[in-house]
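Here the structure comes first, spelled out in structure tokens, and everything after it is commentary.
The values are calculated or read from the model by the stated rules, or taken from the named source; none is laboratory data. All values derive from a computational prediction rather than experimental measurement. With ideal geometry, Cβ positions are generated from the backbone for all residues, glycine too; neighbour counts draw on all protein chains shown.
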């Protein structure tokens, strides 16, 4: 028996990883206590996705465990022990704004929870690979210092800058900037993952994601840019864009492409690695551009408004340079661009609305 243990298994990346590794013959132990509903209300509930996993994957076992509960995590890892070949840690409190409401909850989920999982891995399955879904918010608002130029539909970096061709690489500083409390707690988890690789020799990697997206997202206003946008377009809800005239740019990576990157790392894991991982120049879009595409694909018009107030620590322009990961794993490649991703998301949301 070879097990992949996945935290946040009913969420966007966790559910994609569950299906992906189940297809490849692994037993899946999914850990998810639906805290996303606590964070974001009914929009954030992952119950529907959990039910699909339990009904559709014969070798999926669900555990309703809080990653902050050290004893429960130790018991879980002790039970499965060295049968665990891979830990994929996707569980998180993912919102800037929500973190400021309950800083202790945010930190204990994102930092203490990550520490619990790393220490359990070291004690009970030290040969397993450990993958952490970190975030580009570890860079705080440093990207906003880049020389940006306002265009008709997007902000863009000056074409003479080294980041213009490929995006932001892993050398960007993470200190002396404003992160938001969410960004700070994710920095703590990110550094712990690196340290357990470099200090203890575990095979760990922190994937610093741009916007992670796909049809399995339980998106809410406070988290899930494309998912919530599509939900508003399809259902007729009003939508508010916070700051930067709607021209802020995000690179978006489909959950399947991200999990494919996890698979490649798992085949040949390294110790204490950090990878920027997003849509890169292959798949990026401004909010205004995303609205235009979603309206065209759905045949509906979005009722949206612009707010002058931007979110604390938010990025004006962010595109990930993924060349470090591609250099280490040259066989990995994208399957999804923005158009294909949004088409799939619109169709999935329309289908969900029929139920």
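Going through the range 307-341 one residue at a time, which ones are more than 27 Å from residue 268 (Cβ to Cβ) and not in a loop (DSSP other than H, G, I, E, B)?
307, 317, 318, 338, 339, 340, 341
Residues checked against (1) on the phi < 0 side of the Ramachandran plot; (2) modelled with pLDDT of 95 or more; (3) in contact with a strand residue (DSSP E or B) (Cβ under 9 Å, 6 or more places away or on another chain):
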residue	(1), (2), (3)
309	yes, no, yes
316	yes, yes, yes
320	yes, yes, yes
325	yes, yes, yes
350	yes, no, no
354	yes, no, no
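Kindly establish whether residue 106 is within 20 Å of the chain's Cα centre (by Cα), under 17 Å from residue 135 (Cβ atoms), outside any loop (DSSP other than H, G, I, E, B) and at pLDDT below 95. Walk me through it before giving the result.
Values: within 20 Å of the chain's Cα centre (by Cα): yes; under 17 Å from residue 135 (Cβ atoms): yes; outside any loop (DSSP other than H, G, I, E, B): yes; at pLDDT below 95: no.
Spelling it out, it is not the case that residue 106 is within 20 Å of the chain's Cα centre (by Cα), under 17 Å from residue 135 (Cβ atoms), outside any loop (DSSP other than H, G, I, E, B) and at pLDDT below 95.
Could you please give the count of residues in the range 177-215 that are under 24 Å from residue 43 (Cα atoms) and within 12 Å of the chain's Cα centre (by Cα)?
7
Just to be sure before I move on: is residue 187 touching a residue at least 60 places away in the same chain (Cβ under 8 Å) and closer than 26 Å to residue 10 by Cα in the structure I sent? Break it down stepwise before answering.
Values: touching a residue at least 60 places away in the same chain (Cβ under 8 Å): no; closer than 26 Å to residue 10 by Cα: yes.
Spelling it out, it is not the case that residue 187 is touching a residue at least 60 places away in the same chain (Cβ under 8 Å) and closer than 26 Å to residue 10 by Cα.
Can you work out which of the residues in the range 234-248 that are farther than 11 Å from residue 305 by Cα and surrounded by fewer than 18 Cβ atoms within 10 Å (Cβ to Cβ) is farthest from the chain's Cα centre (by Cα)?
Going through the range 234-248, the residues farther than 11 Å from residue 305 by Cα turn out to be 234-237, 244, 247-248.
Narrowing further to those that are surrounded by fewer than 18 Cβ atoms within 10 Å (Cβ to Cβ): 235-237.
Values: 235: 24, 236: 26, 237: 24 Å.
The extreme case among them is 236.
Would you confirm, using the coordinates I've provided, whether residue 120 is modelled with pLDDT of 95 or more and either more than 17 Å from residue 17 (Cβ to Cβ) or surrounded by fewer than 19 Cβ atoms within 10 Å (Cβ to Cβ) (or both)? Working first, answer last.
Numbers: modelled with pLDDT of 95 or more: yes; either more than 17 Å from residue 17 (Cβ to Cβ) or surrounded by fewer than 19 Cβ atoms within 10 Å (Cβ to Cβ) (or both): yes.
Yes; evaluated as a whole, the condition is true for this residue.
Looking only at the range 153-168, decide whether some residue is buried (at least 19 other Cβ atoms within 10 Å of the Cβ) and within 27 Å of residue 118 (Cβ to Cβ).
Yes - at least one qualifying residue is present in the range 153-168.
Just name the residue that is modelled with the lowest pLDDT out of those in the range 38-55 that are assigned to a helix (DSSP H, G or I) and in contact with a strand residue (DSSP E or B) (Cβ under 8 Å, 6 or more places away or on another chain). Step through it out loud before you land on a result.
Narrowing the range 38-55 to residues assigned to a helix (DSSP H, G or I): 38-40, 42-44, 47-55.
After this cut, where a residue has to be in contact with a strand residue (DSSP E or B) (Cβ under 8 Å, 6 or more places away or on another chain) as well, the list is 39-40, 43-44, 50, 53-54.
On the way: 39: 93, 40: 90, 43: 84, 44: 87, 50: 96, 53: 97, 54: 97.
Among them, the one singled out is 43.
Is it fair to say residue 231 is modelled with pLDDT of 95 or more and either at negative phi or assigned to a helix (DSSP H, G or I) (or both)?
On the way: modelled with pLDDT of 95 or more: no; either at negative phi or assigned to a helix (DSSP H, G or I) (or both): yes.
Here the answer is no, as residue 231 does not meet what is asked.
Residues in the range 249-271: is at least one buried (at least 22 other Cβ atoms within 10 Å of the Cβ), more than 30 Å from residue 197 (Cβ to Cβ) and in contact with a strand residue (DSSP E or B) (Cβ under 9 Å, 6 or more places away or on another chain)?
yes
Can you tell me which residues in the range 5-37 are within 18 Å of the chain's Cα centre (by Cα) and either in a strand (DSSP E or B) or surrounded by fewer than 24 Cβ atoms within 10 Å (Cβ to Cβ) (or both)? It would help to see each step written out before you state the result.
Filtering the range 5-37 for residues within 18 Å of the chain's Cα centre (by Cα) gives 5-21, 30-37.
Across the range 5-37, the qualifying residues are 5, 6, 7, 19, 20, 30, 31, 33, 34, 35, 37.
Do we have any residue at all in the range 89-98 that's surrounded by 14 or more Cβ atoms within 10 Å (Cβ to Cβ), modelled with pLDDT of 95 or more and more than 18 Å from the chain's Cα centre (by Cα)?
Within the range 89-98 (the criterion being surrounded by 14 or more Cβ atoms within 10 Å (Cβ to Cβ), modelled with pLDDT of 95 or more and more than 18 Å from the chain's Cα centre (by Cα)), the answer is no, since none of the residues qualifies.
Across the range 114-142, which residue is farthest from residue 317 (Cα to Cα) among those that are part of a helix (DSSP H, G or I) and in contact with a strand residue (DSSP E or B) (Cβ under 8 Å, 6 or more places away or on another chain)?
In this case the residue turns out to be 124.
Within the range 282-299, identify whether any single residue is assigned to a helix (DSSP H, G or I) and in contact with a strand residue (DSSP E or B) (Cβ under 6 Å, 6 or more places away or on another chain), and answer yes or no.
First pass over the range 282-299, keeping only residues assigned to a helix (DSSP H, G or I): 282, 287-298.
Then drop every residue that is not in contact with a strand residue (DSSP E or B) (Cβ under 6 Å, 6 or more places away or on another chain), which leaves 287.
Yes, there is a match, as at least one residue in the range 282-299 is assigned to a helix (DSSP H, G or I) and in contact with a strand residue (DSSP E or B) (Cβ under 6 Å, 6 or more places away or on another chain).
I'm trying to understand the selection: among the residues of the range 57-71, which are in a helix (DSSP H, G or I) and either touching a helix residue (DSSP H, G or I) at 6+ places or on another chain (Cβ under 9 Å) or at pLDDT below 95 (or both)?
Residues of the range 57-71 that are in a helix (DSSP H, G or I), as a first pass: 70-71.
Matches in the range 57-71: 70 only.
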